[in-house]
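Read the structure below first, then the notes.
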Amino acid sequence: MSDVTLTYGSSATPALRGVDLTIEAGEAIAVVGPSGSGKTSLLRLMNALVVPTGGRVTVDGLVTSDESNVWDVRRRVGLIFQNPDNQLVSTTVERELAFGMENLGLAPPEIRERVEEALVRFRLQSLRHRAPHRLSGGEKQRVAIAAVLAMRPACLLLDEPTSLLDAAGRREVWRMLEELRTDSSKTVVHVTQFPDEIGLSSRVLVVFEGQVVFDSTPERLFELDEELSRWCLRRPAAMDIARELRDAGYAIPKGVSTLDGLVDALAPGHGGAA
Ligand code: ADP
Ligand code: MG
């Protein structure tokens, strides 16, 4: 993105302005910021659902404002919505998995093969004949993500994919995201409102009042103080717990920001009471 501005319709203030951003293939990026700051707009720009009103967005060399590039951009960049109900269109899970590939014009044998692969990879076999709209929230979001991934986009955009799920559904989707992050061939851009999810990415963008105001590592972000409260961001619970434990004499290394990291630090042979 180069000096990107986005103004919706006749709105007086732009939803995004002055955005300069380069994302390399294979990066895992978290995007955070208060509601209304422009996070969803940023993702929409990345897969040509909207085009900038100023500046330019280029995906893999394709300028998104060039109408003839739109489908090539969407083929490369898949978007998962916050609400899976807005994404799921088919009457069965297996049809849902095939739907996007049919739109891409893939050959039926190729589609069948990829559907089977997706059913196995995301443990959806037992749901294959079920109606997507009757599944649990976590299952729906898993189907939505599997359907987008079956199209093999180079980049996956996730817009608060767990915010409407209960704790169990969130864990289901987390497990899936964990797997994606370790796949270095995929670029993942993940908008999240959960501080605990930030530490799972290597780079974090803060969007505030239509601007990207921070672009660095989660560790750097959580070292900040006033800025965090100005941007309405909380530290992950694990960091607060780590601080309490440190104060109580436990040797917890700095920078621990996830529950897994905390468990590792407390495992026998590490940390423990000083
Ligand atoms: P976030 O995802 O961070 O909550 P959005 O990107 O959805 O933020 O919205 C950024 C701003 O753009 C908000 O002020 C919102 O009201 C406005 N906006 C978003 N979508 C539209 C739209 N389709 N038409 C007009 N204004 C919009
Ligand atoms: Mg949003």
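Give the residues of the range 52-61 that are surrounded by 18 or more Cβ atoms within 10 Å (Cβ to Cβ) and not β-branched (Val, Ile, Thr), sorted by residue number.
Once the filter is applied, which keeps residues that are surrounded by 18 or more Cβ atoms within 10 Å (Cβ to Cβ) and not β-branched (Val, Ile, Thr), the range 52-61 yields 52, 55.
Any chance the range 215-226 includes a residue that's of a type in the set (A, V, I, L, M), more than 25 Å from residue 3 (Cα to Cα) and modelled with pLDDT of 90 or more?
Looking for residues that are of a type in the set (A, V, I, L, M), more than 25 Å from residue 3 (Cα to Cα) and modelled with pLDDT of 90 or more, one finds at least one in the range 215-226, hence yes.
Pick from the range 193-206 the residues that are in a strand (DSSP E or B) and touching a Phe, Trp or Tyr at 6+ places or on another chain (Cβ under 9 Å): which of them is surrounded by the most Cβ atoms within 10 Å (Cβ to Cβ)?
The initial filter retains those residues of the range 193-206 that are in a strand (DSSP E or B), namely 203-206.
Restricting the remaining residues to those that are touching a Phe, Trp or Tyr at 6+ places or on another chain (Cβ under 9 Å) gives 204-206.
Working: 204: 23, 205: 23, 206: 26.
Out of the qualifying residues, it is 206.
Tell me which of these residue 161 doesn't satisfy, since it passes every other one: (1) assigned to a helix (DSSP H, G or I); (2) closer than 30 Å to residue 45 by Cβ.
For residue 161, the exception is condition (1).
Identify all residues within the range 29-55 that are without any contact (Cβ under 8 Å) to a residue 24 or more places away in the chain and either under 13 Å from the mean Cα position of the chain (by Cα) or more than 9 Å from ligand 1 (Cβ to nearest atom) (or both); write none if there are none.
Of everything in the range 29-55, just one residue is without any contact (Cβ under 8 Å) to a residue 24 or more places away in the chain and either under 13 Å from the mean Cα position of the chain (by Cα) or more than 9 Å from ligand 1 (Cβ to nearest atom) (or both), namely 51.
Test residue 177 against the criterion of being outside any loop (DSSP other than H, G, I, E, B) and either basic (Lys, Arg) or buried (at least 18 other Cβ atoms within 10 Å of the Cβ) (or both), and give yes or no.
yes
Yes/no per residue for (1) away from ligand 2 (no atom under 16 Å from the Cβ); (2) more than 13 Å from residue 209 (Cα to Cα); (3) polar (S, T, N, Q):
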residue	(1), (2), (3)
5	yes, no, yes
16	no, no, no
32	no, no, no
64	yes, yes, yes
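Restricting the search to the range 1-28, which residues are on the phi < 0 side of the Ramachandran plot, of a type in the set (D, E, K, R), more than 12 Å from ligand 1 (Cβ to nearest atom) and over 19 Å from the mean Cα position of the chain (by Cα)?
20
The values are calculated or read from the model by the stated rules, or taken from the named source; none is laboratory data. Note that the structure is predicted; figures quoted are calculated from it, not measured. As a convention, Cβ positions derive from the backbone with ideal geometry for all residues, glycine included, and neighbour counts pool all protein chains shown.
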